[in-house]
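Written below as structure tokens is the structure these notes are about.
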Amino acid sequence: MPELPEVETIKRELERAVLGKKITEVCVHHPKVIREPSVEKFKKGLTGVTIKNILRKAKVLILELSSGKSLVIHLKMTGQLVYPGNGKASRVSFHLSDGKILDFNDQRLFAELRLLDDWRSLKFIQGLGPEPFAIDLGQFKEMLAKKKTKIKPLLLDQTFISGIGNLYAAEVLFRARVHPERPASSLSEKEKGLLLKEIKDTLTEAILHKGSSVDQYVQVSGQPGNYVKYHKVYDRKDKPCLVCKHPIQRTALGGRGTYFCPKCQK
Ligand SMILES: [Zn+2]
């Protein structure tokens with residue numbers, strides 16, 4: 001699933017590709033991805049409006065429109081935005097005033113598109129925890145102090161911290177040398193500091209390399225992101241740890257595949 005670095009990459013590319021352009025026609029090829037309002041209202045509400053501003057909240061993209069409404073896009077597992085698209089295999093195609101098409105693709109149909117009067121009213125957005133880059137060390141220590149839950153599922157909890165998913169949680173815990181099953185409140189002051197630093201550094205590096213192309217993620221250009229080659233533990237089961245050579249282990253934690261080095265991560 002696209003996480004903060006992938007969605008941030010898409011946001012920055014959309015700013016270059018479609019900001020200031022008018023939507024001239026909306027073709028809905030699969031209604032399931034449109035959660036609200038009705039398909040007819042969705043099409044009518046988007047036709048003839050200009051894309052005024054593009055935001056990202058956690059893993060969600062928000063296109064603010066000249067009508068005052070917003071198009072909210074949650075890519076979920078396999079959502080893609082491709083520009084210029086060809087309108088052939090898309091779930092929804094947005095025809096733009098430059099004569100080109102912004103395609104919304106979604107192989108598995110888990111994605112959610114909404115046309116809302118006010119994106120701030122969306123419950124999911126109201127419940128989001130702080131963005132990693134907005135957290136300072138004092139705040140992070142305070143956030144962890146009260147939490148007895150295991151650190152990895154906690155990092156995935158979007159109400160605790162927003163934007164981190166299964167892939168980057170594994171990477172940051174490896175880099176901070178923290179075992180994914182440690183109770184959050186058991187981290188030392190030094191470990192908390194290192195973990196926050198590695199969260200920010202890892203996400204920054206991943207954005208720099210345009211994200212990780214696992215599952216179906218691609219950049220807006222259709223090109224893959226380049227960060228996979230920098231992964232240290234994710235999807236490296238039985239391969240030697242890059243630090244100590246011990247085989248990387250995979251376990252299920254909170255129902256999610258979790259990669260770690262049992263020697264390096266304590
Ligand atoms: Zn190791």
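The numbers here are math on the coordinates, done by the rules we state, and not lab data. The structure displayed is predicted, hence computed values, not measured ones. Counting neighbours? That spans all protein chains shown, and the Cβs are built from the backbone with ideal geometry, glycine included.
Counting 0.36 nm for each residue step from Phe124 to Arg16 and taking away their Cα separation leaves a gain of 36.2 nm.
Along its three principal directions, the equivalent ellipsoid of the stretch 171-266 from the Cα gyration tensor extends over semi-axes of 24, 17, 12 Å, largest first. Of all DSSP beta bridges in the chain, what percent run antiparallel (nearest 5)? If we restrict to bridges inside the chain, about 95 percent are antiparallel. Pairs of Cα atoms nearer than 8 Å and 6+ residues apart set the relative contact order; for the stretch 85-209 it is 20 percent. The label point for Glu36 and the one for Ser185, both projected 7 Å from the Cα toward the Cβ, are 3.7 nm apart. What distance in nm separates the simple spin-label points at Asp201 and Ser66, each placed 7 Å from Cα in the Cβ direction? Here the answer is 4.7 nm between the modelled labels. Of all the options Gln219, Gln80, Gln107, the one that moves most in a Gaussian network model of the chain with Cα springs shorter than 10 angstrom is Gln107.
A Förster radius of 22 Å combined with the Cβ-Cβ distance from Ala89 to His209 puts the calculated FRET efficiency at roughly 0.25.
Counting only the Cα atoms, the chain fills a convex hull of 121 Å³ per residue.
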